Every structure is written in C-alpha cells, then in structure tokens.
Amino acid sequence: MSEPVSTAWSPDSWRTRTAAQQPAYPDGEALRRAVRELAGLPPLVTSWEVENLREQLAEAAAGRRFLLQGGACAERFADCSARTITNKLKILLQMSLVLTWGLGRRIIRVGRFAGQYAKPRSADTETRDGTTLPSYRGDLVNGPGFTPAERIPDPRRLVTGYHRSALTLNFIRALVEGGFADLHHPEYWDLDFVEHAPRAAEYQRIVDSIGRSLRFMETLADTRIGEMGRVDFFTSHEGLLLEYEAAQTRPVPHRPGFYDLSTHFPWIGMRTAQPDGAHVEFFRGVRNPLGIKAGPSMTPEWLLELLDRLDPDREPGRITVIHRMGHGAITSKLPPLIEAVRAAGRTVLWSCDPMHGNTEITAGGRKTRRFENIISELDRAFDIHQQMDSYLGGVHLELTGENVTECLGGASGISEADLERDYRSEVDPRLNYEQALEVAMLVARKIQRMNGER
Ligand code: PEP
Ligand code: CO
C-alpha cells in the first residue's frame, strides 16, 4: 500500500527528491522571476474541464469509450501558427470519425499540444568538433541551434511557452466553438494517397460510409453536424519540467485539492518514472488524470508501486497506462503488466503508444519508424488485451497534419530516400497526415474484425 510520506505533499515537496531530466539554469534569480510571473498568470485550463476528462477516461477504462491521443513529439514555438494548428485538429478529428465509425464508441480526443514543449534526453550534453554544449531539451528550455546562446537554458522560455500554449489553446477553442467540424464533404479528406494503396477501395468505402452517416444524422436533426454540439478537445503534455508544472499548480474554489492547470492530462515519461523521484512525488498530489508510460524495462512490481503512490484511492479515470514496448517486445512484456494490475484488483485505462518502442536510425543517420512496425505493435496490443480479457481503450501517436516525410512506409510508400524531402522534427519522427489517417482506418478495421463484424 501507499507510503507513510503520503501525508506531506505540497506543490514544493518534490524539491526534496531527485528530479531527473531538469535543466541546469545558470541564473537562479532569473528562474525565480520567471516562475513568479507564471504563478501569477491565469490557468490555461479549468478544474471542471479536468474533472470532465477524468470522468470520460473512467468510462473508457470501463470499456465504453476510446482515447485518441496524438500530436507532435515536441511542439516548436515556431509551429504556433494557424495552419499547423488547423491541420492538427483536422487530422485528429478525421481519425476520431473513422474510429467512431469502426468502434461504435465515443472517442475522447486529446492532443499532445498547447504545452508539449519539454523533452527528456538520453545525454545532458552534446559534443561537436570538440565543443560541448547542453543538449536541446525542447523549446521550453533552450533552442536546437548548436551555439551557447541557444543551448544555455533560458528561464524566459518558460513564460514564452506559457504564452504559446495560451495562443494555441485560444485558437483551438475558437475553432471548436465555431463549428470547425465540417468534415462530411468528401473533398475535405485528402485521399489521393489511397489511389495506389492496396486497400484503396476499402478506405474509400470507409470515408463514403462516414459521409452517409453524417448526412443521415444531419437530416434527422435538421442541422449541420458542426452545429450539433461541441466536439471536445483536451490537451496533454509530458509533465517533465517541474518548475513549469508547479508554477501552474494551485487550489481552486469549491473543490478540494490542487490542480495542475497547465494542461488537462499530464503524463509521466519513462525516464522520470522513478517511484521515489521528484516527478512521482509532484504528480501524486495533483487531481488531474495522469498518464504513465510503460516501456520494456517496466516491471510489474515497478508499475504496482507507481499505482500505489499515484492512485492510492483507486479513483476511476485517474491512471492511464500507456504501454510502448516495441513490436518485438510487446508479446513478452505486456501480459505480465496486465496480469499484475488485475491481480492487484485495480482498473486502469490501457492505451498503446506504438511509436516509442519502434524508433530506429537509418544508415543515413535519420531517426525513423517503420509504418509496418507501428501497425504490428498495435495489432499485437489489441490481440493481447482481447486474449487476456482486458480492454485496450486508447492509442497514443506522434503525428502531424502536414505531409512530412519522417516515418517509413504507409500507403504512399515513403522510402529512406524520401526522408530527406521533408523531415522537420528535431526529435522523434511523426506519422504524416496520410499515415495517421491510415492508422485510424487499420485500427477501425481491426476492431471490427475482432468484434466479428463485416
Ligand atoms: C514521448 O512521448 O515523446 C516520450 C519521450 O516518450 P517515452 O517517455 O515513452 O520515451
Ligand atoms: Co517522442
């Protein structure tokens, strides 16, 4: 059961623990100024939105909803533009329509956006031609350019990141309110890529069928789908930079406890999930629903210890375990985790991140992921959960609404040579618009087959 220390939580109690992956700010006074400023600014999200999401996640854990979580590995400040944000909403919305169609369940849409600005790195420093500088840790910390001016951690970026998150969220809220969901026009779906795909006819049939369903519902309701009610989007990011998270963490009127109001749904990354570390200490005290990434090194004992610390009261919707084992390791690594959680009498929402266990480096030195490996891990994940009488209730993807060339394969057959054409990510490779839509279609098809339909 949970620890005796559990009574002594405060928004600052993490400071007594070891915090992995934090930048070394050279100017402590500048850091304190930035954090004070952040703490005085209004929250980015509200506690009632956070509670609403937690309730929806609880329904997903119970098998009645499905979580679609996706976005960039790392957002860039420069990507805070109308085009990037609109394209990201569009792909998430289209994927969610395909999934609703395939699963017959309500989809919870969560973006890795409006705050996904801080990255864990495998090394603290990077050396080029005899010069050593701090590693790039995301725009919230420093810049990617290999100069001291860019790489030395700058606390002003905490404030800039907050502003960019607020601008992103403001635009998303306005689009959603304004009936952005005008998706039944076939021309709105960029389906050129499927022409040459082996499954072209099937993909076209899915989109046509979604179009017919939307028109049918509109006829019934005598209004346009976009006006039939808000589609919700929630925000998420890795809760990595504890100064940033703590500055936005506060009590709210009329509800007990503290909320991290920088995002609806923070997750704890693989590299900061030490049970006695600062991140677990910090997040055990906030009321938000939490994600926990689980890679192949996650043991059943470790996961249960995290659950005891982070969810001592066994609250429905509190924990989403996002497994990211890799297509090779999932068969041996996932079942013991499912078994241990069940034996502990716990309910969590299980989600599959088929990206982070499938990263490889090409001969040309590019970080990439193969579409077939991503699909294979997802496929295995659905099968394993079904065989164990468990419910896989979500997917977690790194994607973009643009046609970048960062992951190999997919219907349009991106090759190693193609990677050079439009590779933009400073960190992990993302599915592009077409690949992301194809993943949604393959997941929809998979679930229909599992359910013995069509
Ligand atoms: C990520 O989601 O970008 C990430 C770093 O994941 P993980 O902690 O699973 O490696
Ligand atoms: Co990533």
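Of all the listed residues (GLY394, GLY410), the sole one being of a type outside the set (Val, Ile, Thr), within 15 Å of ligand 1 (Cβ to nearest atom), buried (at least 20 other Cβ atoms within 10 Å of the Cβ) and closer than 30 Å to CYS80 by Cα is GLY394.
Kindly indicate whether GLU398 is in contact with a Pro (Cβ under 6 Å, 6 or more places away or on another chain) and either in a helix (DSSP H, G or I) or among the acidic types (Asp, Glu) (or both).
In short, no.
Looking across segment 357-370 at every residue that is surrounded by 21 or more Cβ atoms within 10 Å (Cβ to Cβ) and of a type outside the set (Ser, Thr, Tyr), the one that is nearest to ASP79 (Cα to Cα) is identified as ARG369. Mind checking which pairs have a first residue in segment 381-398 that is farther than 19 Å from LEU57 by Cα and a second that is within 15 Å of ligand 1 (Cβ to nearest atom) and among the acidic types (Asp, Glu), Cβ under 6 Å, 6 or more apart or different chains? Within 6 Å, the pairs are GLU398/ASP428.
Residues of segment 80-122 that are within 16 Å of ligand 2 (Cβ to nearest atom) and either small (Gly, Ala, Ser) or within 17 Å of the chain's Cα centre (by Cα) (or both): LYS88, VAL110, GLY111, ARG112, PHE113, GLY115, GLN116, TYR117, ALA118, LYS119, PRO120, SER122. State yes or no: is GLU37 under 22 Å from LEU349 (Cα atoms) and surrounded by fewer than 19 Cβ atoms within 10 Å (Cβ to Cβ)? Judged against the criteria, GLU37 is not a match. Scanning segment 92-115 for residues that are among the aliphatic types (A, V, I, L, M) and over 18 Å from PRO289 (Cβ atoms) yields LEU92, LEU93, MET95, LEU97, VAL98, LEU99, LEU103. Counting only residues that are open to solvent by 40 Å² or more (accessible area, probe 1.4 Å) and part of a loop (DSSP other than H, G, I, E, B), segment 12-34 holds 7 of them. Taking segment 234-301 and the strands (runs of 3 or more DSSP E) fully enclosed by it, the elements with 1 or more residues that are away from ligand 1 (no atom under 11 Å from the Cβ) and farther than 21 Å from ASP12 by Cβ are at 234-238, 265-268.
Every residue in segment 350-370 that is assigned to a strand (DSSP E or B) and within 16 Å of ligand 1 (Cβ to nearest atom), please.
Scanning segment 350-370 gives TRP350, SER351, CYS352, THR359, GLU360, ILE361, LYS367, THR368, ARG369.
Close Cβ contacts (under 8 Å, 6 or more residues apart or on different chains) running from residues in segment 436-448 that are free of Cβ contacts under 8 Å to residues at least 12 places away in the same chain to residues that are assigned to a helix (DSSP H, G or I) and open to solvent by less than 10 Å² (accessible area, probe 1.4 Å) are absent. Of the residues in segment 371-387, at least one is within 21 Å of the chain's Cα centre (by Cα), farther than 26 Å from GLN274 by Cα, within 16 Å of ligand 1 (Cβ to nearest atom) and open to solvent by less than 10 Å² (accessible area, probe 1.4 Å). Applying the set (1) open to solvent by 10 Å² or more (accessible area, probe 1.4 Å); (2) within 16 Å of ligand 1 (Cβ to nearest atom); (3) of a type in the set (Ser, Thr, Tyr) to TYR117 leaves exactly one unmet item: (1).
Answer yes or no as to whether LEU307 is part of a helix (DSSP H, G or I), in contact (Cβ under 8 Å) with a residue 40 or more places away in the chain and within 27 Å of VAL45 (Cα to Cα). Yes; evaluated as a whole, the condition is true for this residue. For the criterion of being within 16 Å of ligand 2 (Cβ to nearest atom), open to solvent by less than 10 Å² (accessible area, probe 1.4 Å) and within 21 Å of the chain's Cα centre (by Cα), HIS279 fails. Listed conditions (1) closer than 25 Å to LEU44 by Cβ; (2) surrounded by fewer than 20 Cβ atoms within 10 Å (Cβ to Cβ); (3) within 16 Å of ligand 2 (Cβ to nearest atom) are all met by GLY291, apart from (2). Residues that are modelled with pLDDT under 95, within 16 Å of ligand 2 (Cβ to nearest atom), touching a Phe, Trp or Tyr at 6+ places or on another chain (Cβ under 7 Å) and not polar (S, T, N, Q): does segment 385-403 have at least one? For segment 385-403, residues modelled with pLDDT under 95, within 16 Å of ligand 2 (Cβ to nearest atom), touching a Phe, Trp or Tyr at 6+ places or on another chain (Cβ under 7 Å) and not polar (S, T, N, Q): absent.
Only residues that are in contact with a Lys or Arg (Cβ under 9 Å, 6 or more places away or on another chain), open to solvent by less than 30 Å² (accessible area, probe 1.4 Å) and closer than 15 Å to GLU377 by Cα were counted in segment 347-356, giving 4.
Of the numbered criteria (1) open to solvent by less than 10 Å² (accessible area, probe 1.4 Å); (2) outside any loop (DSSP other than H, G, I, E, B); (3) out of contact with any Lys or Arg (no Cβ under 8 Å at 6 or more places or on another chain), the one ILE322 fails is (3). Across segment 132-169, what is the total count of residues that are surrounded by 12 or more Cβ atoms within 10 Å (Cβ to Cβ) and over 15 Å from GLU75 (Cβ atoms)? The qualifying residues number 12.
The values are calculated or read from the model by the stated rules, or taken from the named source; none is laboratory data. Values in this document were obtained by computation on a predicted structure and should not be read as measured data. Cβ atoms come from the backbone with ideal geometry, glycine included; neighbour counts cover every protein chain shown. For accessibility, only protein heavy atoms count, side chains too; no ligands or nucleic acids. Shrake-Rupley method; radii C 1.70, N 1.55, O 1.52, S 1.80 Å.
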